[in-house]
Amino acid sequence: MSGTVVVKAEGVEKSYGSTRVLKGIDLEVRQGEVLCVIGPSGSGKSTFLRCINHLEKIDGGRLSVNGSLVGYRQVGDRLHELKEREICKERAEIGMVFQRFHLFPHMTALQNVIEGPVHVKGVPAATAAEQGRALLERVGLGDRADAYPRELSGGQQQRVAIARALAMEPALMLFDEPTSALDPELVGEVLDVMKDLARSGMTMLVVTHEIGFAREVGDVLVFMDGGRVVESGPPREVIADPQEERTRAFLSKVL
Ligand code: ADP
Ligand code: MG
């Protein structure tokens, strides 16, 4: 595993009003690594991903992606908050896939995929379309480029959403329970695409309830509860022999 750290969280804290949601998260994701996060509902998993992607501001600790502090620029020993335009630029380097696919309903699969490259990055439409078709091919939807979201199954829509994120050539992909909204028979096709992506060397942070995926594909498994990392380690070890009672209790419910 290469040594470059892509995500570094040190004591990351986040509150909503008086509710402390993240109570000091420490973790690292190295380049090419797949880090899976499991934990009960409300433990702060989505909030943590949203902090990485500049959708929420942290209240304490330090959070950096590819060596730069999320939302800030360091000049000497002073921190300057980034302007919205700069934040958008940083966010474009991070791909995010949510539980719900959020595809534009009035655009075809291909149009959804090339929207970002064309309008955010200024890639010429013809080039973007060529790359977009290749990406749809990669997620097994080469023949559905002209289909509208309503004509696609949930699994197919989620694969389009993955292709759309990849179209921005992200350095990091965040997944927030990408298969939780799918009918059970459609889960496998999405996990297979994610597995391929992991094999290709993509750095991935995956919040999931798919313990089998975490065991097979994950390099590190993190168990979160109550806004804290309770336990982390090689997935097989954490799953087979959890050290903490809370991890054990959670796993016994989902396995
Ligand atoms: P998880 O993804 O692990 O289920 P979340 O990060 O979604 O957990 O939520 C953690 C806690 O933060 C929950 O108690 C939730 O109600 C609260 N929370 C999340 N987003 C907000 C928000 N925008 N405003 C207030 N509370 C929030
Ligand atoms: Mg969540």
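Of the set (1) away from ligand 2 (no atom under 16 Å from the Cβ); (2) in contact (Cβ under 8 Å) with a residue 24 or more places away in the chain, all apply to GLU177 but (1). If you go through region 13-34 and keep only what is more than 16 Å from ligand 2 (Cβ to nearest atom) and not small (Gly, Ala, Ser), you end up with GLU13, ARG20, LYS23, ASP26, LEU27, GLU28, VAL29, ARG30, GLN31, GLU33, VAL34.
In region 114-135, the residues that are closer than 10 Å to MET168 by Cβ and in contact (Cβ under 8 Å) with a residue 12 or more places away in the chain reach residues that are open to solvent by less than 80 Å² (accessible area, probe 1.4 Å) and assigned to a helix (DSSP H, G or I) with C-beta atoms within less than 7 angstrom, at least six apart or across chains, in these pairs: GLY116/ARG164; PRO117/ALA128.
Of the residues that make up region 1-10, is at least one within 16 Å of ligand 2 (Cβ to nearest atom), open to solvent by less than 80 Å² (accessible area, probe 1.4 Å), over 19 Å from MET194 (Cβ atoms) and of a type in the set (S, T, N, Q)? No - not one qualifying residue is present in region 1-10.
Every condition in (1) surrounded by 17 or more Cβ atoms within 10 Å (Cβ to Cβ); (2) within 13 Å of ligand 1 (Cβ to nearest atom) holds for GLY95 except the one numbered (2).
The values are calculated or read from the model by the stated rules, or taken from the named source; none is laboratory data. Worth saying up front: this structure is predicted, and the values here are computed from it rather than measured. Cβ coordinates were reconstructed from backbone atoms using ideal geometry, including for glycine residues, and neighbour counts include every protein chain displayed. For accessibility, only protein heavy atoms count, side chains too; no ligands or nucleic acids. Shrake-Rupley method; radii C 1.70, N 1.55, O 1.52, S 1.80 Å.
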